[in-house]
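Everything on this sheet refers to the single structure shown next.
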């Protein structure tokens, strides 16, 4: 009783849990006393229960409305208990609990007291209408009987299914139609059985959704590398607080090192008094925003204005104990879920967009400023229209503030309602002078960066828009933002901001790339390829921070911060993220070990830190270039392009001080300039290297290097990678074969499912292919999405990859195989495995994706006919060390693809019956062996047989645990069927039955949606 419970602000504490306080003896409780320390939580009170055996009785609610005093909770009549339960969320708890009553026995032999039974009464609200494809929604009901669970059931699971697999009752709209949901509750020791409550529900179809153009409201979709070099900053980073009406010439150079700034702008700066707008000077702080934005535009620095926090005059409407400048931006008591609650913020957004946007035709009568000087000689605010200084406005910052509780946290629907007001006055229904788009249709609205980078949050916002904003004339959802935005800090705890990580981590291996891919996939699948930005990322230098950069080998902390910072920019360019802003220009709190405190990219004396030097040097060299492709995965080799000329960025994606050799093929170039970031320099000094046959051998490290070819007017030829260091000596590479130029034949779309079957036999010694026991049932099977196996799967095994390959062009093909240890490649003259012939092989390790170590790796020309399928098979024997097998080909057009992409592949089905000519309409039958998880697990989706004539089996596997949904869409994007939804464990495989009865003959999309990624596969129904 002498100590207090410490506060915990981690997300794990932001959920309801039961704290059980066991009593020494079974007691008839007559009174509870609770010590009220600090904080008021009337919205989320703690519930106090008496627990007797398995029965719970609610004694009362604890709201924390007192301060440093005991609160008495009488219990009458007395209630038997052997424990007290505090059901609480976050820090909403009594600090001390005292229990009064008469001890009647021991816990082992409680005295039975028969209470008077009370009728249970359920309250279950109206469900209304849902749209097919809506995210699973929670079923909630309340009862006076808190000791027994409420159970839900659906009258028609084919329309709406219900489940309780996650501890919450969730309903899923499965098909179009009507159903009813029944809520029931059984009796317990204190309450009788409740009367069932039934609510009807209707599920309607989704309207046709046409593709959305990838150009957003007239803003060109550039993806230049320089867009990855942004920074977060404040007005005082540019203007001296003692002379805030002008840009300080000594502060400006630090900002000019970056291509853009995300300006943290407090709402109160612009509206210190409700309805009284000031911009230059602002009445709060006297800042000259007109001058600052004018100078930044003149210097070529793009500005994202992030207008955030709640002004004092609005905060005054909140109870004194609930006031926080980062509260949800509404007056106290307003509904977070209604756009009208956000009208004050939306009015400010209109004023800001009208002033700093590009539209000069705003009605002046809708604009106002407070033109009264604060003192004699003070600047006077004037109404200005269409200054064309800002084209991006962000609606607040991190609205998913789970760590601050309900007063500051918005769920996806609530934030979408907020944005709907901010964007266009909720479709222009909130009166004149409200919303960004009503002031400047060209202004781009950026959603607040998410603190927890989860694409499902954005999906929830999209769902709200479907229900509350509807669809545009082109069939797309009427969304109320133009840019998707999230925050991610690369660390060794899956990039969370919870403080549970122990250090920062190299961006490519931290999970940040997977998060970026999932956001890009979500944007393509659900938001018409809307731009995706990252507006906060970075690394601390203080070694007490859970987001710290670390010393690696001979690289200091500061050097690692510089390496990881530059690699972050290169990674986001590679992923297709359109803009990136680092946190932040200066240290937030120098010397402090708290996360984010020492991420500054500029020293206190305004000189650039090494990370800024690296970014600025890369910007000077390649800032105008656009990312085109990744040529190799390890080391990473990215190709950039400007006006047809190529440049290359190379880096080892690791944090071990590892190096790798790479041979870069620069085609007809006679020499190349190699650039390496350098400390203390304004720009990188080139190292000129003379080339032999266009080949440049490079030693690549964990610090990026850049290559620009010179001495030629011809475009570089496709690059052939060489391996990272392995025990195998690296041979002198030969040039990639250059075909005789011929007109490229038009490709034919092949009928392929996108995967190929891989079988593995474990415990097979030796290096020889002949030792693989192909006659036996394999130990495991899996599906590959490219003609290449995973690396480092294991030792002493044999494997076979087999299936069908569809030729997209008619003509001669060249095949290559690479592997470790031995590998062989076979192909048939049609789809019959009995006709296979060996066309290439390697009796020893080649190096990963090295196609030219042995002459036998390359096949003679193989004539294939466009649109026909051919049986193909690769055998692979692994003993110890590295292991892989990969197959590449060169098309008749001269294009080389290695590995061969999944779009040409279909898996072999044991026992399949194929057409004699192997054409693309072959019918498959039979079932593959059950997949056994081993090694690195991939998320996979496969359907067989294909085409579907009556029914097919859909098999899917998840790489990471989470919710999975399998659905069928038509080619217009309309959702037709849901085959499965539920939670799965990592590595687990499930099957669902796809029936063709309700699908007309044609082509459809089979889609697997997980919490991390989305897989699509084309299927054909042929009845």
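Coordinate-derived values only; no laboratory data. Just so we're clear, the structure is a prediction, and the values are computed from it rather than from any experiment. Neighbour counts run over all protein chains shown; Cβ positions are idealised from the backbone, glycine included.
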**OP:** For residue 44 and residue 995, calculate 0.36 nm times their separation in residues minus their Cα-Cα distance, and state this gained length in nm to one decimal.
**Re:** 337.6 nm
Original post:
If R0 is 25 Å, what FRET efficiency do you get for residue 843 and residue 633 from their C-beta distance, rounded to 0.05?
Top reply: 0.45
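Arrange 557, 801, 515 by Cβ neighbour counts within 10 Å, fewest through most, would you?
Working: 557 17, 801 27, 515 21.
Sorted ascending by nearby Cβ count, the order is 557, 515, 801.
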Subject >> Fraction of antiparallel bridges per DSSP, the chain only, in percent to nearest 5 >> reply: 85
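Over the Cα atoms of segment 553-628, what is the Rg over Rh ratio if Rh follows Kirkwood?
We get a ratio of 1.00 for segment 553-628.
Go ahead and estimate [θ] at 222 nm for the chain from helices alone: -39,500 (n - 2.57) per DSSP H run with n ≥ 4, summed, over the residue count, rounded to 500.
On the way: 10 runs with 115 residues, N = 1023.
Using -39500 (n - 2.57) per qualifying helix, the result is -3500 deg cm²/dmol.
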Original post:
Roughly speaking, what % of Cα-Cα pairs in segment 744-920 are separated by over 21 Å, rounded to a whole number?
Top reply: 43
Subject >> Rg(Cα) / (2.2 N^0.38 Å) computed for segment 349-485, rounded to two decimals >> reply: 1.19
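Give me 806, 480 sorted ascending by neighbouring Cβ count inside 10 Å, so fewest comes first.
Details: 806 22, 480 28.
By the 10 Å Cβ count, ascending, the order reads 806, 480.
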Subject >> FRET E, pair residue 256, residue 404, Förster distance 45 Å, beta-carbon r, rounded to 0.05 >> reply: 0.80
**OP:** Report the far tail of the P(r) of segment 937-1023, meaning the percent of Cα-Cα pairs longer than 17 Å.
**Re:** 41
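State the three equivalent ellipsoid semi-axes of segment 122-204, derived from the C-alpha gyration tensor as the square roots of 5 times its eigenvalues, in descending order and whole Å.
Numbers: eigenvalues 123, 30, 19 Å².
Its equivalent ellipsoid spans semi-axes of 25, 12, 10 Å.
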Original post:
Taking only C-alpha pairs under 8 Å that are 6+ residues apart, what is the relative contact order of segment 11-115 in percent?
Top reply: 43
Original post:
Which percent of Cα-Cα pairs in the chain sits in each 10 Å bin, short to long?
Top reply: 2, 9, 16, 20, 20, 16, 11, 5, 1, 0
**OP:** Please work out how much length the chain gains when fully extended from residue 770 to residue 974, using 0.36 nm per residue of separation minus the C-alpha to C-alpha distance, in nm with one decimal.
**Re:** 68.4 nm
Subject >> Kirkwood hydrodynamic radius (C-alpha pairs) into Stokes-Einstein, segment 11-115, 4 °C and 1.567 mPa s, D in µm²/s >> reply: 92
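Give me the Kirkwood hydrodynamic radius of segment 259-445 in Å, from all C-alpha pairs, to one decimal place? Provide the component values of the computation, followed by the final result.
Details: mean 1/r = 0.0597 Å⁻¹.
Value: 16.7 Å, from the Cα pair sum.
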Original post:
How would you rank 234, 350, going from fewest to most other Cβ atoms within 10 Å of each one's own Cβ?
Top reply: 234, 350
**OP:** Run the numbers on segment 277-399 and let me know its relative contact order in percent, using alpha-carbon pairs under 8 Å that are six or more apart.
**Re:** 32
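Hey, what did segment 332-427 get for relative contact order, percent, Cα under 8 Å, at least 6 apart?
Value for segment 332-427: 39 percent.
Out of every Cα pair in segment 625-710, what percent are spaced more than 14 Å from each other? Before the final figure, lay out the partial values.
Working: 2329 of 3655 pairs.
Every Cα pair in segment 625-710 considered, those over 14 Å come to 64 percent.
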